[in-house]
Each structure stands twice: as C-alpha cells, then as structure tokens.
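A short write-up of the structure that comes next.
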Amino acid sequence: MNAAVALKEERKEFPKRLGNSKERERRNKDWGIASFDALVSCPGFPPFIHTRSKKMRIVAGKFRSRLIQAPKGDQTRPTLDKVKEAVFSRIGPYFDGGVMLDLFAGSGSMGLEALSRGIERVYFVDRSPAAAAVIKANIASLQVEAQCDVWKCDSFAALRRLAGMGVQLDLVYLDPPYQKQQLHKIMMQLDALNLIRDHGQVILESLKEDEFDEAYHQLRRVKEATYGISRISYYRKETEL
C-alpha cells in the first residue's frame, strides 16, 4: 500500500467534526500532549490527535487516584480534571446516596467520580459499542457492578426507558459531542418526563459560545462558569416558580 492510500485509509478513522477548529482546540487542551499515547504526524491531519487508548484518574473519594480507561480513538473527549473538580466542588463535593444519569458517558468518568464520592447508583448511557465496553471494564475494575447499569442506546430512548421504570434522578451530567440542539431537546424531555427529583441537578458541558435557556420549565439555571473554551451550565429543579 503506497503512502497516499495509507493516508486515505487512516483518515477514515476520524469523524468529520474534527474539521471544527474549536473542537480540536478543546480536545487538545483537555488532553495535553503529555497524555497522548501517539500523535498523528502525517500531513493534513488535525494536530495532536490521540489514536490509541487513553487513561485518566478519579480525582477524589473512595477510589481517589485510581486509573480508568477511555475508548480508543477520538470518539470520546474526557472532562478535564480541573473542570471535574470544579463541578463536584459546586454540587457536592460528596454525596449521601442518590441516583445519577451519565448521558453520553464515554468512559464513564463522571459517573464513576460520583460513585467514588458517595452516589448510590449510576445509569451510564452511550450509543457507542466501544464506549459501552470500556465503561463495563472500568466498572469491573472498581468492583461496583451492583451499583451500575450500562445501556448502549440512543439518549432519548434511555430517557423514555428511565421514565417507564419510574426512576427519579438526583444528578444528570450531559456532555454530548457538540450537539447543542440535542441538549435543548434533552432538557425539555427531562422536564416533560418528570425524571428529576425535586432540587435535583442537571449539568451541561459545552463550548463556551453555546447558549441555553434560563429555564426549561421547572429546570432553572442557577450558575454558569467557563474554563478555557468550555462552558458548564448548572440547572436545578425548582417546584416553586
């Protein structure tokens, strides 16, 4: 196979969204060159793209400093440690039970961090088979299978399934692959299906340019913060409007 054909085949592994410069910038800031297992050096590739398996750590709690894996390739982008710590410092930092939904879970990093800090049960949802497999492996490595459910399905199907089960959530973390319109729809569904317990919290991670409504009926925004090019939006269910 000549070099041109090899390059063409390699490029197939990367989603079209890598052409978005802000996407590349955010991902590269999140990982940092020191955390890459490999760099793609062929001309024409976006800079500093990791191509092999990645590892990250749990920041605090019962499993503090334990390493977990992320799926291979570029389909997932983990939350930066400093952002993770800021989020949990705001909403916890520790919990006395509760139920969480880690939607677009990727490696399951946020849900496993919550378990480490005292959340009782986490539903992990990701439509990627590779992500679901890695989440299950990470759960097994921490021996928390009894506290976890891993669903490989569409986000809206997961919300309907949870509603059918009568599940009430104390915490939801949303970090989809830059589909702002999906976040709006998901927020409306969370409210319409009555999935959030009173005073439960929903957290959105997005690009800082993304804007969201002040409220989605009973889900009201209580805080926003930016970290580099990332925006974290905090919502809480308020039954007395």
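The values are calculated or read from the model by the stated rules, or taken from the named source; none is laboratory data. Here the structure is a predicted model, which is why all the values come from computation and not from measurement. We place every Cβ from the backbone using ideal geometry, glycine too, and count neighbours over all the protein chains shown. In case anyone asks, the SASA skips ligands and DNA or RNA and just uses the protein heavy atoms, side chains included. Shrake-Rupley method; radii C 1.70, N 1.55, O 1.52, S 1.80 Å.
Of note:
- Descending semi-axes in whole angstrom, ellipsoid equivalent of segment 169-240, from the Cα gyration tensor: 20, 13, 10
- Shown are Ser65, Ser128, whose ranking by accessible area with a 1.4 Å probe and every protein chain present, most to least, is Ser65, Ser128.
- Between Arg197 and Asp81, the FRET efficiency estimated from the beta carbon spacing at R0 = 30 angstrom works out to 0.60.
- Out-of-range pairs (alpha-carbon distance over 29 Å; input Lys72/Lys208; Lys82/Lys237; Lys136/Lys223; Lys55/Lys208; Lys62/Lys208; Lys84/Lys136): Lys136/Lys223; Lys62/Lys208
- Percent accessible area from carbon and sulfur atoms, segment 82-241, protein chains only, probe 1.4 Å: 44 percent
- Summing Lys and Arg as +1 and Asp and Glu as -1 over all other residues whose Cβ lies under 14 Å from the Cβ of Ile58 gives a net charge of +3.
- Other residues lying with their Cβ under 9 Å from the Cβ of Leu67 contribute a combined charge of +3, Lys and Arg counting +1, Asp and Glu -1.
- Å² per residue, accessible surface of segment 102-241 at 1.4 Å: 42 Å²
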